[in-house]
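The values are calculated or read from the model by the stated rules, or taken from the named source; none is laboratory data. All figures in this text were calculated on a predicted structure; none of them were measured in a lab. All Cβ positions, even for glycine, are placed from backbone atoms using ideal geometry, and neighbour counts span all protein chains on display. Just the protein is used for accessible areas: all its heavy atoms, side chains included, with ligands, DNA and RNA removed. Shrake-Rupley method; radii C 1.70, N 1.55, O 1.52, S 1.80 Å.
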Amino acid sequence: MLLFSTILEINKTLTKDAFIKLVIKWNQDSPHANNVIQNINWHGEYNVRYGSDDLWLAIEEYRKENIISVRYEKKEEDGAVWDTDYVMNFDQMKMAIRLDRSYTEDAYETNPRFSTPHFITLLIRGGYLKDDEDLPVLRDITLIDEENLELAFNVINGKSHHRLPVVFVSKTCTNENPVDVQLLASKLKGVAHVLVQKNIQTNTKLRTKCNEKNEYFGAIGIYYPTKAISYRRYLYKSLDVFDKILLEKVVRSVIQYGNAQMIDTLYTWQGVDNALLRDRLASNYHERIAAEKARQLAEAETAKLNDTLDEEERRIHKKAVEDAKDEANKLLASFDAEMQKLQHQVEELAHSNEVLQYENQGLKAKLDAREEMPVLYMGDEYEFYPGEIKDLLLETLTEAMKKITPKSRRADVVMDIINNNDYQKLSIIKAEEVRGY
């Protein structure tokens, strides 16, 4: 299951060696000891693998396209497999970063506290990320005040042309931030810009210049680069813990947008691996054909010359031909070994595809297990505990049944919804728990 995906434009200061060293630093400096691969001693190789079967880091170079591809994989005790991929195209100076988790039963659910990989912070600190038009790519906020209001005007009015989404955070009516904006910027580093209104006093100008399309009084807007998804708006509510809920909802929306973008296969580990495999198979095929022809030619020459040479010349020629045949046979044997190795890689890739198919089937089964067409869609309200909104609706319908004429069409429809949505009476249980205290 794809958890995170982004493509970043990179400055030319990032060389191949610097890229690989940065990836190794990312792993070796991890605060989680069980994620660190021991005994990594890199000496400039571009095709190498470190670690064990359950924890490894591999580097591959695809010279034909000037690409370096890196995969870090960790297998958990519960069977889940985590893959982190960094694919850098040095011709286009773009880098793809992807985080993937293999299929598990809870694959449909995502971690609401998810944030972007720490490797992006290393890129930012190294000054390797290219500016996005008039905005640098940071893990910090950009304050909007009287001096740079034009920036907000252009974003909200759809006149800017940024590669990444832009998040605009307005001040609440009490001139405070609706969420922890520094934490928001940190979680969205490398995938979105975070613009924060510095003072509520700019409200009038913003509303005038933006024809009242701007966010205000704590609302947060997400402005996407594509016309297909113009923007999303989240309203602020002055309630306890609501700021954390609002922050995570904004983060989730931006991450999901990045994951939904189509990317070239050569910006994925598997795509680069497949390309290398195809090129090697094609090269081996032509070399094998040439070696086979050389062996056949040597045998034909031997038969032709045997009748025209004396005994000593035949002996010398026979030795030369046998040496040539031995060399050809060695080449063919090495080709066979290489073909077996490539076939093994094909089987591994086929297994990877099979795992993805199982994951898709599992997700599809979970979706199919739900209603084919939802009766209602979620609004902007947030749940204070899991299942709250659904439970309140079912409680309301259950109460309404007391006033509906029995055996009527309305009674049948309402009761059918109640019976098929696992009404657990959570709100009643919560109320009793509160009274118990």
(message) Can you compute the modelled spin-label distance between residue 407 and residue 2, with each label point 7 Å from Cα toward Cβ, in nm?
(response) 5.6
(request) Could you work out how far apart the two model spin labels at residue 122 and residue 260 are, taking each label as a point 7 Å from the Cα in the direction of the beta carbon, and quote it in nm? (result) 3.1
(message) If I compute solvent accessible area with a 1.4 Å probe over the protein chains, what percent of it on the stretch 1-43 is carbon and sulfur?
(response) 49
(request) Return the subset of 171/205; 64/293; 205/249; 402/430; 94/227; 189/244 for which the Cα-Cα distance in this structure is over 25 Å, preserving the input order. (result) 64/293; 205/249
(request) Could you do me a favour and compute the accessible area per residue for the stretch 1-156, 1.4 Å probe, result in Å²? (result) 50
(request) Note the full-extension length gain between residue 280 and residue 63 as 0.36 nm times their separation in residues minus their Cα-Cα distance, in nm to one decimal. (result) 76.9 nm
(message) Quick check: net charge around residue 143, other residues with Cβ under 13 Å of its Cβ, Lys/Arg +1 and Asp/Glu -1?
(response) -2
(request) Classify the stretch 108-255 as rounded, prolate or oblate, taking a ≥ b ≥ c as the square roots of the eigenvalues of its Cα gyration tensor: rounded when a/c is under 1.5, otherwise prolate if a/b is larger than b/c and oblate if not. (result) oblate
(request) Using a 1.4 angstrom probe on the protein heavy atoms only, line up 223, 86, 216 by accessible area, largest first. (result) 216, 223, 86
(message) Using a 1.4 Å probe on the protein heavy atoms, what percent of the accessible area of the stretch 56-214 belongs to carbon and sulfur?
(response) 43
(request) Treat every Asp and Glu Cβ in the stretch 155-216 as -1 and every Lys and Arg Cβ as +1, leave all other atoms uncharged, and give the resulting dipole magnitude about the Cα centre to the nearest 20 debye. (result) 260
(message) Could you work out how much longer the chain between residue 212 and residue 235 gets when fully extended? Use 0.36 nm per residue separation minus the Cα distance between them, nm to one decimal.
(response) 6.8 nm
(request) Note down the net charge around residue 35, summing +1 for each Lys or Arg and -1 for each Asp or Glu among other residues with Cβ under 15 Å from its Cβ. (result) -1
(request) Could you work out the local net charge near residue 215, counting Lys and Arg as +1, Asp and Glu as -1, over the other residues with Cβ closer than 13 Å to its Cβ? (result) +4
(request) Compare 133, 433, 60 by solvent-accessible area with a 1.4 Å probe and give them largest first, with all protein chains kept in place. (result) 133, 433, 60
